[in-house]
1. Looking only at residues that are of a type in the set (Asp, Glu) and in a helix (DSSP H, G or I) in region 97-141, which one is nearest to Gln81 (Cα to Cα)?
2. Consider Gly195 carefully, then state whether it is part of a loop (DSSP other than H, G, I, E, B), crowded, with 21+ Cβ neighbours inside 10 Å, under 17 Å from the mean Cα position of the chain (by Cα) and of a type outside the set (D, E, K, R).
3. Checking Lys50 against (1) open to solvent by 40 Å² or more (accessible area, probe 1.4 Å); (2) assigned to a strand (DSSP E or B), only one condition comes out false. Which one?
4. Of the residues Ala401, Ala409, Ala363, which is closer than 22 Å to Gly339 by Cβ and open to solvent by 80 Å² or more (accessible area, probe 1.4 Å)?
5. Examine region 363-375 for a residue that is in a loop (DSSP other than H, G, I, E, B), touching a Leu at 6+ places or on another chain (Cβ under 8 Å) and in contact (Cβ under 8 Å) with a residue 12 or more places away in the chain, and state whether such a residue exists.
6. Look through Gly58, Gly64 and report the one residue that is in contact with a His (Cβ under 9 Å, 6 or more places away or on another chain) and modelled with pLDDT of 95 or more.
7. Identify, by number, the condition in (1) closer than 21 Å to Ile322 by Cα; (2) out of contact with any Phe, Trp or Tyr (no Cβ under 7 Å at 6 or more places or on another chain); (3) open to solvent by 20 Å² or more (accessible area, probe 1.4 Å) that Tyr97 doesn't meet.
8. Residues Leu348, Leu344: which one is at pLDDT below 95 and outside any helix (DSSP H, G or I)?
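The values are calculated or read from the model by the stated rules, or taken from the named source; none is laboratory data. Keep in mind the model is a prediction, meaning the values are calculated, not measured. Backbone-built Cβ (ideal geometry, glycine too); neighbour counts: all protein chains shown. Note: accessible area is taken over every heavy atom of the protein model, side chains too, but ligands, DNA and RNA are not part of it. Shrake-Rupley method; radii C 1.70, N 1.55, O 1.52, S 1.80 Å.
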Amino acid sequence: MTSLAAVSAPMVNLSDIQSALARVRKSIYVSPCTRSETFSELTGNSIYLKLENRQRTGAYKERGALNKLLSLTAEERSQAQGVIAASAGNHAQAVAYHASNLGIRAKIVMPLATPLIKVSATRGYGGDVVLHGANYDEAYEEALRLSAQDHLTFVHAFNDDVVIAGQGTLGLELLEQHPDLEAVVVPIGGGGLIGGMGCALKETNPRIQVIGVQPARLPSVKVALAEGKPVTLPSAVTIADGIAVRRAGERTLPLIQKYVDDVVTVEEEEIANAVLLLLEREKMLAEGAGAAALAALVNRRSSLISEKSGKKVIVVVSGGNIDVTLLARIIERGLVKDGRLVRLRVHLPDYPGALHKVTGILAQHRANIVETSYDRAYHNVNLGDTAIDITMETRGPDHIAELISALGANGYTHERIL
C-alpha cells in the first residue's frame, strides 16, 4: 500500500523525463509515427499513428521498465538480489527482456489464467515466471510478498515515478518527430503512460491537447477524476486487457489532473472495430488496448477533436501483443460493429422447400450465408414451425436494413440477434 509520504512527494517533472530519455535512448527503438491517409480522410484531420507495437517486446512498456532497471543501485542489480514484477502481459515481457540484457535476475508473477503464449514469451525473454493467483490482484500481492522475502526490488507497472518518467520519453520522442503536433490521443490503464507523456508535452508546449481513453467497462481514471482520488472498481473483463486496471495510480493521478485535457471511454464493439480497421486499412496488428485510442478518434468521443477541424493529431498504438484466439473473436465483433456480419433469426413453416425460399430471398439481395442453425423447441416457435438462425456476411448497415426489409415484405417473422 502506498504511504502518505509517497503520495505527497513531488510529481515527475520534465527534467526527470529528459534524464530518462538520455538514459534509455540507445536501447529503445524509435518507433515510426506515420500519417494515415485512411483515418485522415475519415475524420477530416491530419492523423498520425505512433507505432509502439513495433517495440521489441511489442509495447511501449519497455521505456518505463528499462528506465527503472538502469536506475537501480549496484546492489539492487546484483545477482544476489534482482527485481520482481507482477503482470499478465506487456510489463512482464518488458521487464524480463531488459533485465536479461542487463544481466539482472528477474522474477515475474503472473496469474494462473495467463495465456500460455504470454507465459512462454516472458520466459523466452529470460524471466523466471511464477504462476500464482486467480487474477492480477492476487499475483500482485504474491509479488509483494516475494519482494520482501527475497529482497527483490519491485518494479511496478505504473505507480512508480521512475517508470512514469520512462513512459514519458514517448512524449519527447513525438515532439522530435512532429514538433507541430496539436493533439495526442493515448490509451489509459493505470495512468503511467499518459501521466508521463502529458508532462513532457504540456511542459514543452502547453497548447498541445492530451486526451486519454479507457474501456467503458473499467474507467478507473475517469472515476478517480470525478471522485478526486483513486477508487477501486469491481473486476470486469474487456478485450483491452492491457489497460484493464481497476484502480488509478496514486502517483499518476496528480499528473493526469494537471496535464490531461479530457478522458473518454469506448465500448467493446468500438475497440474491436478499431482492431479490424487497423488490420484492414493499415495492415497493422494491434491488441485491444493498442487500438483503444483509435476507437475513440473514429467514434468522435472527444469534443476537443471536432470533425474536419484539420488538426494534426497523433494516435498512440500502444501495443500489439494479442492471442490469436482472442484476435479471431475481436475480428468477428469488429465485423458485427461494422455491419459486415449479421445473424438473423427467421421463423418459417417446417416443410420441404421452406428454407429454399428464404435463402432465395437472401441470395437475391446478395448476402453470403456462412452458418445456419435450426431450432424447433425454443424461441417461442409454433407447433409445425421452426426457427433458423442465419449468419451472413453483408456489405454494411444499409445492406442489413435491405435484408430485413425484404424478409418482412415476404411475411417472415424475424429478429436480429447479432
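1. Taking region 97-141 and keeping what is of a type in the set (Asp, Glu), we get 128, 137-138, 141.
After this cut, where a residue has to be in a helix (DSSP H, G or I) as well, the list is 137-138, 141.
On the way: Asp137: 24, Glu138: 23, Glu141: 19 Å.
Filtering region 97-141 for residues that are of a type in the set (Asp, Glu) and in a helix (DSSP H, G or I), the one nearest to Gln81 (Cα to Cα) comes out as Glu141.
2. Numbers: part of a loop (DSSP other than H, G, I, E, B): no; crowded, with 21+ Cβ neighbours inside 10 Å: yes; under 17 Å from the mean Cα position of the chain (by Cα): yes; of a type outside the set (D, E, K, R): yes.
The answer is no for Gly195.
3. (1)
4. Details: Ala401 fails: open to solvent by 80 Å² or more (accessible area, probe 1.4 Å); Ala363 fails: open to solvent by 80 Å² or more (accessible area, probe 1.4 Å).
Matching residue, one of Ala401, Ala409, Ala363: Ala409.
5. Restricting attention to region 363-375, the residues satisfying the condition of being in a loop (DSSP other than H, G, I, E, B) are 365-367.
Remaining after also requiring touching a Leu at 6+ places or on another chain (Cβ under 8 Å): 365, 367.
Filter once more, so that each one left must be in contact (Cβ under 8 Å) with a residue 12 or more places away in the chain: 365, 367.
The answer is yes; a qualifying residue exists.
6. Details: Gly58 fails: in contact with a His (Cβ under 9 Å, 6 or more places away or on another chain).
After applying the criteria, what remains is Gly64.
7. Result: Tyr97 fails condition (2) only.
8. Values: Leu344 fails: at pLDDT below 95.
Unique residue meeting the criteria: Leu348.
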